[in-house]
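Visitor: Below: one structure in structure tokens.
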Amino acid sequence: MRPDERHQPAPRQDVSYWCRNDHRVDIRIAADVEPPPLWDCPRCGLPAGRDAQNPPGRVRAEPYKSHLAYVKERRTAEEGEALLAEALAALRRRRGE
Ligand SMILES: [Zn+2]
């Protein structure tokens, strides 16, 4: 990167990003631009964040969580059905007597 001597070079800032695969991405953007919070890692395509200790890949727990939530929901539905069956049985007992 050779500075252009004909024009005053615009002030730049170097920004680093890290993806969850420990890839470091260095970009250079205009100094007056707010760096985006995420940058796509050019090596693996995953989103990279500015906090090396906490790359955005950690959000990967999300699908597992929602699966758990799904299982939980399903179990709650089964419990609900059991409760309903119990209630119906009680109703039938009452009617039968
Ligand atoms: Zn990467």
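Since every read-out is calculated from the coordinates, none of them should be taken as a lab result. Note that the structure is predicted; figures quoted are calculated from it, not measured. So basically every Cβ, Gly included, is an ideal-geometry build from the backbone, and we count neighbours across all protein chains shown.
Visitor: For the peptides 8-21, 79-92, 26-39, what is the packing order when you average, over each peptide's residues, the other Cβ atoms within 10 Å and list the highest mean first?
Guide: Order by mean packing, descending: 8-21, 26-39, 79-92.
Visitor: Using 15 Å as the cut-off for backbone N distance, which residues of the stretch 34-48 belong to the label zone defined by a point 7 Å from the Cα of Ala10 along Cα→Cβ?
Guide: Label zone hits: 34-36.
Visitor: Under a Cβ-Cβ cut-off of 11 Å, what is the net charge of the residues other than Gly80 that fall near it, where Lys and Arg count +1 and Asp and Glu count -1?
Guide: For residues surrounding Gly80, the net value is -3.
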